[in-house]
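J.: Structure in structure tokens, see below.
Each value in this text was obtained by applying a stated rule to the coordinates, not by laboratory testing. This structure is a prediction, so every number in the text was calculated from the model and none was measured. Backbone-built Cβ (ideal geometry, glycine too); neighbour counts: all protein chains shown.
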Amino acid sequence: MINLFIPLAALMVACSGSRPASEVSSTAPERETPSVQYGGASKTDSLFLSLERTPCFGACKAYRIELFRSGFATYDGRNNMEKEGKHTARIGSDTLRVILARAESLGFFSMKDKYDGEVTDLPSTYLRIAADGKDKKVLGRVGTPQEFKALVSYIEALLLPVPWQPATSKP
């Protein structure tokens, strides 16, 4: 009898935190963003840009790129990408400058933080740029302005064709 009681009790405890489907939000989850993110080529290297596209229920491309001030970059191809898995590359400082200039000319730092709605099967795009004392992160999913889409396309055109090398695992 006790052998039946213990698994049943464990199941009840595990299920007690679940919510009815009507209480589950269909908006994209908030992602906590530290004010400065380290982890580039050295412990003092800070994040300049992160770009992430999330998956959908279809064949959407999903990946994440992080570009640090030193030019060290990481790429994680997740779904429907030509390169899948973790990769690294070096990006020239001129590329960082032109990305920042384009972001400023398109008004990125004055955009709303979130463009979202009650749609469940759309991918999200997260773009964060930290430069010149500014740190802005925008979630784009529904009702995203054309300037945001243009900036993301511009960054993708610069960074996706980079000769990414498979990342070596750290011991």
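J.: Over the Cα atoms, compute the radius of gyration (one decimal) and Dmax (the largest Cα-Cα distance, rounded to a whole number) for region 37-163, in Å.
T.: So, for region 37-163, Rg and Dmax equal 14.2, 41 Å respectively.
J.: Another question, then. Here is the link list: LYS114/LYS137; LYS86/LYS134; LYS83/LYS136; LYS86/LYS114; LYS112/LYS149; LYS61/LYS114. Which ones come out longer than 18 Å on Cα distance?
T.: LYS86/LYS134; LYS83/LYS136; LYS86/LYS114; LYS61/LYS114
J.: Also, I was wondering about something else. If amide H atoms are built 1.01 Å from N in the plane of the peptide, which residues on other chains or at least 5 residues away come under 5 Å of the amide H of SER46?
T.: Amide H to amide H, under 5 Å and 5 or more residues apart or across chains, SER46 pairs with ARG69, SER70.
J.: Here's another thing I want to ask about it. Are there GluC sites (Glu not before Pro) in region 82-120 that DSSP marks as loop and that have at most 15 other Cβ atoms within 10 Å, and which are they?
T.: When the GluC sites (Glu not before Pro) of region 82-120 are filtered for loop state and at most 15 Cβ neighbours within 10 Å, GLU82, GLU84, GLU118 remain.
J.: Amide H neighbours of ALA167 under 5 Å, at least 5 residues apart or on other chains, H built in the peptide plane: list them.
T.: Here LYS86, HIS87, THR88 satisfy the definition.
J.: Go through region 140-149 residue by residue and turn each phi into a ³J(HN,Hα) via Karplus (6.51, -1.76, 1.60, θ = phi - 60°); whole Hz please, and just put x for glycine and proline.
T.: x, 9, 10, x, 6, x, 4, 5, 5, 4
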